[in-house]
Amino acid sequence: MNIAAFIVIAIVTLSGALAAALLPRLIHAALWLVVTFFGIAAFYFLLGAEFVGLVQVFVYVGAVAVLIVFTILLTRRDADKDHAFHWSGAVVAVAVFAALVWTILRTPGLSVAASPVEALTVRRIGEVLMTDYVWPLQCIGLVLTAALLGALVLVMEEKR
């Protein structure tokens, strides 16, 4: 069952990513990106990392994808422009993919069994975030607040 679920999730995720990269209409590409985000969350659920899967759904599908769709809808684009295929992007993508595969295959740690770790619970994550990582968490909050204010300034129209 796990192998069949993995194959189905992999096909859905990869086809969504391919459609997001190749579709000429930007809004369709963004919606296929949402499918890809859901596929990644399904991988987390399949691995037993429910918390990370839910964070994937809430943050990427619920926030990032909606932000991308709103950005597409709020910006005015010339829909009649001819969209030519850019070979330079394909060459860079193939080069990055080849480098990642080469790095993965040359990693010696793939044959070594991992040491057992204690179970990671939501309570433990909260304790670590509020004790050891409180300053980075606050900095991230400030950066996100500044980004939100910057987005509001960009979207607001000038009153004349």
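Just so it is clear, none of the values below were taken in a lab; they were calculated from the coordinates. All values reported here derive from a predicted model rather than from experimental measurement. FYI the Cβ positions are ideal-geometry reconstructions off the backbone, even for glycines, and counts take in every protein chain you see.
Some points to look at:
- Cβ charges +1 (Lys, Arg) and -1 (Asp, Glu), total dipole of the range 98-160, debye: 120 debye
- Cα-centred dipole magnitude for the range 1-98, charges only on beta-carbon of K, R (+1) and D, E (-1), debye, nearest 20: 120 debye
- The alpha-carbon atoms of the chain, seen along their principal axes, cover 63, 41, 30 angstrom, with the largest extent given first.
- Of the peptides 9-19, 27-37, the order by per-residue mean of other Cβ atoms within 10 Å, starting with the highest, comes out as 27-37, 9-19.
- From the alpha carbon centroid of the range 84-113 to that of the range 24-47 is 21 Å.
- Within the range 1-109, the trypsin sites (Lys or Arg not before Pro) that combine a DSSP coil assignment with at most 12 other C-beta atoms in a 10 angstrom radius are Arg25, Arg76, Arg77, Lys81.
- Full-extension gain in nm, Thr131 to Leu73, via 0.36 nm per residue minus C-alpha separation: 16.8 nm
- At 1.306 mPa s and 10 °C, Stokes D of the range 1-78 from Kirkwood alpha-carbon radius, µm² per second: 121 µm²/s
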